[in-house]
Amino acid sequence: MENLVEIAEYGCEVAKKEGAEFVDVGVHSGMGMSVDVERGAVKHGDTAVSSGVSVRAFIKGGMGFTGASSLKKEDVRGAALKAAALAKVAQPDPDFVSLPEPSGSYPVVEKLWDDNIRGVSAGKLVGYLRRSIEEVKSVRGDAIINGGAGLGHSESAIANSLGIRASIKGSSIRMSTSVTFKEGDDVGTYFDFDNSRLLPDFNPSGIGVNAAKMALKFLGARHIQGGVMPVVFGPLSGLSIFRVICWNANAEDIQRNRSYLIGKKGAQIASDIVTVVDDPLIPAGMGSGPFDGEGFPHSRLTVIKKGVLKTWLHNSYTANKGKEKNTGNSTRGGTSITNTVVSLGTKTEKELISEIKDGLYVAVGSIFPNPQSGDISETVDWGFKIENGEIAYPVKNVMIGMHMLEFMKNIDAISSDFREEPGAIMPSVRVRDVRVAGGK
């Protein structure tokens, strides 16, 4: 059984014959390769070939779920039979209505697969890493260097008992380098990375140099006086703000009354300069694809428009339960975001910083509010003090805290320049009146 769609269809047929009212079957097959660097030396590599099947069967809304790490006919059959058996004894769920039905053709999403990545050897990955190590040492020879490189290519398919049939191929290649310098008790560390779905777009040159130069800048970190001040989040921290607010808008948490966004759809939850789109159709995007985990067609989704929350993120279950449109954000059992795109501003990052007399710059970090309360309490591990419009010195023992909705409404600028990664435009973001705690 080589055709993945046919394998998924077979699993559906078996579970249906066993009494399941609804069935979907996911199938995947792929290969991954990785090579690691530890303390400046290439230590080991690993190649893994994987395949598997997962089956969801439903009876009166009760779900049975099981899988197998094999695509042999007998193993697929066994997984389907077990899923149906589990569904028979599962607690009925009156909120379950149906799996998604076919709804026309799928969008074309280009540049998700590059056959050339299949031909990249472990030796080639080692070569990338060694060049990065040389780059770091050209900056300063006593660096502690860690990192890794890897690639993967896979095929997957989904079929359900209502007629959905879909398949996709994907590839990726990646590399990261982490650099640490020590001067007595003083430590400076940083990292950089590159990833791509296509080999011609993969360009790890310069990662080592940038990581090393930035690590040196984090030596000599100082304590600062806490207070309320503007904070600029650089490209490697700014995008996380918008990704997490979209993720927090998942309908499952709303329906289970465990989200700070309950009652906020249609309300102003952010500054009016904030417009955020979940876009799974970006060519070569790491989160791109023509359909979601249930085989429902993907489409662009405006989550926030001029600060107003426009929608929840739905899968088939939550959409049916809430009597709303399925947004195609299923992960088969949950919801997820894809590629997050935020509208850009008119000023560069340098200009955003130049307008601050006393503030903070966060080079790397993520904002993760408590999903129920919305409270933010984050440590700043890679930050700089801003004084008189310029980056002054690195900081330590600093935390930021406030409520996520207050934080979003205090965004007063998004940069016009950005870092670009596959499927991600990563601008800098300035937030006014952030509560910053210093320490000793």
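Where a number appears in this text, it was derived from the coordinates with a stated rule and is not lab data. Predicted, not measured: the structure shown is a model, and the values here were computed from it. Please note: Cβ atoms are built from the backbone with ideal geometry, for glycine as well, and neighbour counts cover all protein chains shown.
Sort 344-356, 180-192, 312-324 by packing, meaning the average of other beta carbons within 10 Å per residue, with the highest value first.
Working: 344-356: 17.7, 180-192: 15.8, 312-324: 21.2.
Result, highest mean first: 312-324, 344-356, 180-192.
Contour minus end-to-end for S50 and E420, with contour as 0.36 nm per residue of separation and end-to-end as the Cα-Cα distance? Walk me through the intermediate numbers first.
Values: separation 370, 0.36 × 370 = 133.20 nm, distance 3.07 nm.
Full extension from S50 to E420 adds 130.1 nm.
Could you order peptides 276-288, 87-99 by the average number of other Cβ atoms within 10 Å of their residues, highest first?
Values: 276-288: 20.6, 87-99: 14.7.
The packing order, highest mean first, is 276-288, 87-99.
From the backbone phi of region 275-288, what are the Karplus-calculated ³J(HN,Hα) couplings (6.51 cos²θ - 1.76 cosθ + 1.60, θ = phi - 60°) in whole Hz, Gly and Pro given as x?
Values, residue by residue: 10, 10, 10, 8, 10, x, 9, 5, x, 6, x, 5, x, 8 Hz.
Sorted by packing (mean other beta-carbon atoms within 10 Å per residue), highest first, where do 222-234, 290-302 land? Working shown, then result.
Details: 222-234: 18.6, 290-302: 21.0.
In decreasing order of mean packing, 222-234, 290-302 become 290-302, 222-234.
Using the beta-carbon distance between S366 and I144 and R0 = 25 Å, what value does 1/(1 + (r/R0)^6) give for FRET efficiency, to the nearest 0.05? Provide the component values of the computation, followed by the final result.
Values: r = 24 Å, r/R0 = 0.95.
According to the calculation, E is roughly 0.55.
Rounded, prolate or oblate for region 221-440? Axes are the square roots of the Cα gyration tensor eigenvalues, ordered a ≥ b ≥ c, and the cut-off for rounded is a/c under 1.5. Intermediate results must be reported in sequence, preceding the final value.
Numbers: a/c = 2.25, a/b = 1.74, b/c = 1.29.
Prolate, because a/c is 1.5 or more and a/b exceeds b/c.
How far apart, in nanometres, would the label points at K60 and N116 be if each is projected 7 angstrom from Cα along the Cα-to-Cβ direction?
Taking the simple label geometry, K60 and N116 are separated by 5.7 nm.
Indicate, rounded to the nearest 5 percent, the antiparallel portion of the DSSP beta bridges found entirely in region 221-440.
Numbers: 43 of 50 bridges.
If we restrict to bridges inside region 221-440, about 85 percent are antiparallel.
Can you tell me the FRET efficiency between I262 and D36 if r is taken as the Cβ-Cβ distance and R0 is 60 Å, rounded to the nearest 0.05? Write out the running numbers ahead of the final one.
Numbers: r = 44 Å, r/R0 = 0.73.
Rounded to the nearest 0.05, the efficiency is 0.85.
For K264, go through the lysines and keep the ones whose alpha-carbon is under 23 Å away, minus same-chain ones fewer than eight residues off.
List returned: K305, K306, K310, K321, K323, K325, K409.
State whether the chain is rounded, prolate or oblate according to the following rule on the C-alpha gyration tensor (a ≥ b ≥ c being the square roots of its eigenvalues): a/c under 1.5 gives rounded; otherwise a/b larger than b/c gives prolate, and the remaining case gives oblate.
In terms of gyration-tensor shape, oblate.
Around K347, which amide H atoms from residues at least 5 apart in sequence, or from another chain, sit under 5 Å from its own amide H, with H modelled in the peptide plane?
Amide H neighbours of K347: S416.
Whole Å is fine, so just give me how far the alpha carbon centre of region 223-272 lies from that of region 1-68.
Centre-to-centre (Cα) distance: 33 Å.
K213 versus E74, label points 7 Å from Cα toward the beta carbon: distance in nm?
The modelled label-to-label distance comes out at 6.1 nm.
Whole angstrom only: what separates the Cα centroid of region 107-144 from the Cα centroid of region 274-347?
The distance from the Cα centre of region 107-144 to that of region 274-347 comes to 31 Å.
For the chain, give the share of DSSP beta bridges that are antiparallel, in percent and rounded to the nearest 5; count only bridges with both residues there.
Values: 108 of 115 bridges.
Percent antiparallel among DSSP bridges in the chain is about 95.
Multiply the residue separation of E324 and K182 by 0.36 nm, subtract the distance between their alpha-carbon atoms, and state the gained length in nm to one decimal.
That pair, E324 and K182, stretches by 45.6 nm at full extension.
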